[in-house]
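So the structure is just underneath, and the comments pick up after that.
The values are calculated or read from the model by the stated rules, or taken from the named source; none is laboratory data. None of these values were measured; they are calculated from a predicted model. We place every Cβ from the backbone using ideal geometry, glycine too, and count neighbours over all the protein chains shown. What goes into the accessible areas is simple: the full protein's heavy atoms, side chains included, and nothing from ligands, DNA or RNA. Shrake-Rupley method; radii C 1.70, N 1.55, O 1.52, S 1.80 Å.
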Amino acid sequence: GLPAALPALPLELTVLYNSLLFTVGASDSVIKGEAEGIRQGLLRVLEACGTCGQDLGTEELWQKVLQEVTVEELQAPLHCLGALQAAWWLAANRLGSVAGLFQLLSPAEDLGRAHSSEGQNKLLSVIKAWQVPPEGASLPLAQSAKDLKEILCTATAFLQGLQELEAGNFPTALSLLQEAAGGFCSKKILAQIYICLGCCAQRMGKPQTALQHLKWALQVDLQCLPALSHVAAVYHELGETDAEMQALTLLYEALGKNPPAATSSSPCFLMQTELLVHTPLLTSLLRHHHPSEVKYLLAQRCLQDGRVADAVEHYLDFLSLLQEGLQQQVPLDGSSVLPRIPEVFLEAASALEQAGRHQDAITVCEEVIRRTTDLIPRGLRVEERLAQPECPLPGAGLAGGLLSQKKESLCCLVWRAAGYLHQGWAWAKLGKSKEAVTQFSRECLEDAVFRCFCLPVTEYLQAEVEVLQKIRLLSLIGRGTQFLELGRHKEALLDFQHSLQISPDDPAAASYLVQALWKLNRKQEAAALWQKFSQGSCGEDGQQQEQGRVLPLYLVSCLEQAMFPHSEPLARSIQDYLGGAAQDISS
């Protein structure tokens, strides 16, 4: 409440500088908002000089103070306060404001040298050009202006490196991040910078360089577990499955034994780099995976790589984690690597099938069927007019909500149909053809329900519809094969014909249709179809189309089981038949 007086202002501004630093250091959290104390301090300076600036914004206030206040004793404390103001603006990503402030703080000749430096970032050059004022012995600072300048340089390089990385300017990002790595920071921040360098190198197509940076991150900070996640991702990209599995296993063990905790930073500094740099990209790159997510990744990678026994073990471990309340472990912001839970169950069923545990697979699928049945409405109807418009219109939110409900219902229908499909193949492997036919037929009823209640499908639902059609195709093939086992060749023929109607270029459906005709002694038709398919109208085209589609992992084993296993014997029989027929004609 005392009026501002010039003789007391150096002490007053120094106390303000120190108190703001202590407040920041005590909170140990990222800086947000405006530094109102700095604004009040500047107004006190103007008041002591006989002027005011209540109506000015903070940037205009700084400009007025630095241009009009020439008292020598105030220059050093104002410069220190200016560096603190730059920290606040840097934390708010106001880089233009930071550049403008340091241009005011630096003499013209220093700025001229900074601008003439080639290959240097302009903002970094302006900050480096700032001459730190000498620290008075009678007014000690809680953190020296020189140290604060170094931290500002590091934070600026780090922040701009992240911006360039997000923008896809990788060489510039690499240069800025390397500048930050050589700056003034704690081990925790250095490890984070190495992670960003690794991600940048990976996106530049340099996986070995990426691995080197990520290993440095772990050497600097053993608690930097996100580095292990990125190491696993790089090895996955390289196709080095053993190394990827090892990284994921180490990550899972580390998460279980010692949950990630903040690494202690240097205790000497109240203002630190970690308080100034916080962007969505950095948060994403440093996200800690939860043990359940890592366990799922292990299971998924094993299943993809054909390590069936390991996949089963990991999937069962994951399912046991569900009993412990998975929703408490997995973030709800969409950043989790986990798919929808029914898909995980179906992947587990696929692994169990491949491991020969068919009864267990049937049980797991029954759980999926039971839980999704009540979620599927009796009439599932998808209308073209419910598609999201490009521009918001009255009622668009309601239409989007209805379409989202339709999508969810359709997903449930897909999962239940996949459960029936897996059960059908499991019963077939157990030699129970009648039970297999029953389950395959239930899936066929799913498609009938879908076709009865679906109008033209929007692009928003196209992926689910394609998966459902693929399940329908595999179920018809599966049921047809079981009809063949039961000697019901005419019914098998109908299923294979329907399969080709769904997918005219499917090689398995075509081969099974030829076999069914052959078994019905309709050898001339079988031979004609075989010739047509073997000329390339089916076969290769179908396989190429299949490779172009990305099937859910839980359907891959069903696709393999539906492949025709008797191609060569059937081809020899038809060739012998055609050869005999040609001899009869010639004679």
Quiz item: Which ones in the range 206-225 are over 25 Å from Cys153 (Cα atoms) and at pLDDT below 95?
Solution: Leu222, Gln223, Leu225
Quiz item: Quick one: how many residues across the range 182-218 are in contact with a His (Cβ under 7 Å, 6 or more places away or on another chain) and open to solvent by 60 Å² or more (accessible area, probe 1.4 Å)?
Solution: 0
Quiz item: For residues in the range 125-157 being β-branched (Val, Ile, Thr) and in contact (Cβ under 8 Å) with a residue 40 or more places away in the chain, which is nearest to Gln75 (Cα to Cα)?
Solution: Val132
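What do you reckon, is Gly542 closer than 25 Å to Glu464 by Cα, at pLDDT below 85, open to solvent by less than 60 Å² (accessible area, probe 1.4 Å) and not polar (S, T, N, Q)? Before you say what the answer is, go through the steps one by one.
On the way: closer than 25 Å to Glu464 by Cα: yes; at pLDDT below 85: yes; open to solvent by less than 60 Å² (accessible area, probe 1.4 Å): yes; not polar (S, T, N, Q): yes.
Taking the combined requirement at face value, the residue satisfies it.
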Practice problem: Among the candidates Leu61, Leu13, Leu56, single out the residue that is on the phi < 0 side of the Ramachandran plot and surrounded by fewer than 18 Cβ atoms within 10 Å (Cβ to Cβ). | Solution: Leu56
Practice problem: For the range 16-53, name all the residues that are open to solvent by 30 Å² or more (accessible area, probe 1.4 Å) and of a type in the set (A, V, I, L, M, F, W, C). | Solution: Leu16, Phe22, Ala26, Val30, Cys49, Cys52
Quiz item: Of the residues that make up the range 44-54, is at least one without any contact (Cβ under 8 Å) to a residue 12 or more places away in the chain and not small (Gly, Ala, Ser)?
Solution: yes
Practice problem: With the condition kept exactly as written, say whether any residue in the range 577-586 is open to solvent by 30 Å² or more (accessible area, probe 1.4 Å), closer than 28 Å to Glu353 by Cα and at pLDDT below 95. | Solution: no
Quiz item: Do you know which of the residues in the range 289-335 that are among the hydroxyl-bearing types (Ser, Thr, Tyr) and over 20 Å from the mean Cα position of the chain (by Cα) is modelled with the highest pLDDT?
Solution: Tyr315
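Name the single residue that is most open to solvent (accessible area, probe 1.4 Å) among those in the range 502-529 being among the charged types (D, E, K, R) and in a helix (DSSP H, G or I). Spell out the reasoning first.
Here is the first cut: in the range 502-529, the residues among the charged types (D, E, K, R) are 505-506, 519, 522-523, 525.
Now restrict to residues that are in a helix (DSSP H, G or I): 519, 523, 525.
Numbers: Lys519: 102, Lys523: 67, Glu525: 87 Å².
Among residues in the range 502-529 that are among the charged types (D, E, K, R) and in a helix (DSSP H, G or I), the one most open to solvent (accessible area, probe 1.4 Å) is Lys519.
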